[in-house]
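Notes follow the structure.
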Amino acid sequence: MTAPIVTLAQPHPFPGKLIIVEGLDGSGKSTQLLLLKKWLESKGLNVFFTEWNSSNLVRETTKRGKKTKALTPTTFSLLHATDFSNRLYHDILPPLKAGMIVLADRYAYTAFARDAVRGVSRTWVRKLYNFAVRPDMAFYFKVPIDVAIDRLLGGTRGQFKYYEAGMDMNLSQDVTESFRLFQSRILEEYDKIVPEYGLITMDATQEIEDQQNVMRELVSKALEGYKPKRGTHGKRETLFWRRFAVRQAE
C-alpha cells in the first residue's frame with residue numbers, strides 16, 4: 001500500500017491531532033501550551049510534547065557554531081531544518097499515526113519568520129519545510145516587543161543571547177536594542193505568515209487564565225469527533241521497526 005503524501009499545504013491523513021504554538025520569546029506561548037497539555041491529560045487523552053531545536057542529532061553542532069559565532073544565515077537555517085526533520089520523523093509522526101495528540105512549541109513557521117529576517121529567501125525556506133505535516137491547529141501569541149522584553153529581563157533571563165538578539169546582523173552594538181530591532185522584524189514576518197497559513201491569533205497581553213480559557217474552548221471544538229484510538233498507521237510503523245529489533249541473548 002502506497003504511503004500517503006504529506007506536505008504543509010494539505011491536511012494530514014493521520015488519526016492523531018497536531019497542535020502548535022508560535023510567538024516571540026516572552027509571549028507566554030510555552031506557558032499556555034504547558035497548561036493545555038495538563039488539561040488534555042486530565043481529560044484522559046494521550047499527549048506527546050516536542051519543542052523547537054531539541055534534537056540530539058544536531059545539538060552539539062549547533063552549540064559549537066553558536067559558541068564560535070560561525071553560523072551564517074543559510075547554515076543556521078539548514079541546521080534548524082535538520083533538527084526539525086529529525087523530530088518530525090521520530091517524535092511527531094509516530095504519535096500522530098498512533099492517534100495521539102501532539103503539542104509542538106514552535107514549528108516550521110518559526111523558521112519562516114527568523115530565516116527571512118536574516119535574509120534567507122522566503123520561497124526557499126518554504127520549499128525546504130514543505131515535507132512538514134500541516135498542523136490541525138496553529139496558535140500565534142502576539143505580544144508587543146516592549147512587553148516581551150520586560151517579561152524576559154524581569155524573569156530569569158538576565159541578558160539576551162547573541163543569536164536570539166540578532167547580534168550577527170549588526171543591527172546595534174547594544175544587545176537589548178539589537179533584540180528589539182531583530183524581534184520587531186520577526187513580528188512583521190509573523191504578520192505575513194498568519195493570514196498565509198491561517199494561524200489563530202491570541203492576544204498575549206491578556207491574563208494567563210483568560211488566554212487559556214479561550215485556547216481550551218477552541219481546542220475543544222476542534223476535537224469534536226476525535227477518537228483517541230490507535231490508528232492503522234501506528235500499527236504499520238510498529239511492525240516496520242520490529243523488523244530491526246535486536247534479539248536478546250538467552
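Can you find even one residue in segment 18-40 that is modelled with pLDDT under 90, within 30 Å of MET167 (Cβ to Cβ) and not hydroxyl-bearing (Ser, Thr, Tyr)? Don't jump to the end; show me each part of the working.
In the first step, residues of segment 18-40 are kept if they are modelled with pLDDT under 90; the result is none.
No, that holds for no residue.
If I filter segment 112-143 down to residues being free of Cβ contacts under 8 Å to residues at least 24 places away in the same chain and among the polar types (S, T, N, Q), which single residue comes out as nearest to ALA222 (Cα to Cα)?
This residue is THR123.
Mind listing just one residue for me: the one in segment 146-191 that is touching a Ser or Thr at 6+ places or on another chain (Cβ under 9 Å) and among the polar types (S, T, N, Q) and, of those, nearest to THR31 (Cα to Cα)?
The extreme case among them is GLN159.
Taking the residues in segment 205-228 that are exposed (fewer than 10 other Cβ atoms within 10 Å of the Cβ) and among the basic types (Lys, Arg) as candidates, determine which candidate is modelled with the highest pLDDT.
So, considering only residues that are exposed (fewer than 10 other Cβ atoms within 10 Å of the Cβ) and among the basic types (Lys, Arg), the one modelled with the highest pLDDT is LYS221.
I'm trying to understand the selection: among the residues of segment 127-164, which are farther than 21 Å from ILE20 by Cβ, part of a loop (DSSP other than H, G, I, E, B) and at pLDDT 95 or above?
PRO144
Where the second residue is aliphatic (A, V, I, L, M) and assigned to a loop (DSSP other than H, G, I, E, B) and the first is touching a residue at least 24 places away in the same chain (Cβ under 8 Å) and surrounded by 13 or more Cβ atoms within 10 Å (Cβ to Cβ) and lies in segment 186-204, which pairs have Cβ atoms under 6 Å and are six or more apart or on separate chains?
Here the result reads ALA204/VAL143, each pair linking segment 186-204 to a residue that is aliphatic (A, V, I, L, M) and assigned to a loop (DSSP other than H, G, I, E, B).
Step by step: first the residues of segment 83-92, then only those that are out of contact with any helix residue (DSSP H, G or I) (no Cβ under 8 Å at 6 or more places or on another chain) and crowded, with 21+ Cβ neighbours inside 10 Å, then the one that is nearest to VAL58 (Cα to Cα). Which residue is that? Let's see the steps before the verdict.
Applying the first criterion (out of contact with any helix residue (DSSP H, G or I) (no Cβ under 8 Å at 6 or more places or on another chain)) to segment 83-92 yields 85, 87-92.
Still in the running and crowded, with 21+ Cβ neighbours inside 10 Å: 88, 92.
Values: LEU88: 14, ILE92: 17 Å.
Checked segment 83-92; the qualifying residue nearest to VAL58 (Cα to Cα) is LEU88.
Restricting the search to segment 11-32, which residues are of a type in the set (S, T, N, Q) and out of contact with any strand residue (DSSP E or B) (no Cβ under 9 Å at 6 or more places or on another chain)?
As a first pass, look at segment 11-32 and keep what is of a type in the set (S, T, N, Q): 27, 30-32.
THR31 - this is the single residue of segment 11-32 that is of a type in the set (S, T, N, Q) and out of contact with any strand residue (DSSP E or B) (no Cβ under 9 Å at 6 or more places or on another chain).
From the list THR72, THR31, which residue is out of contact with any helix residue (DSSP H, G or I) (no Cβ under 6 Å at 6 or more places or on another chain), without any contact (Cβ under 8 Å) to a residue 12 or more places away in the chain, of a type in the set (S, T, N, Q) and surrounded by fewer than 18 Cβ atoms within 10 Å (Cβ to Cβ)?
Details: THR31 fails: without any contact (Cβ under 8 Å) to a residue 12 or more places away in the chain.
Every option except THR72 fails the conditions.
The values are calculated or read from the model by the stated rules, or taken from the named source; none is laboratory data. Treat the numbers as computed from the prediction; the structure is a model and nothing was measured. Positions of Cβ are backbone-derived with ideal geometry, glycine not excepted, and every protein chain shown enters the neighbour counts.
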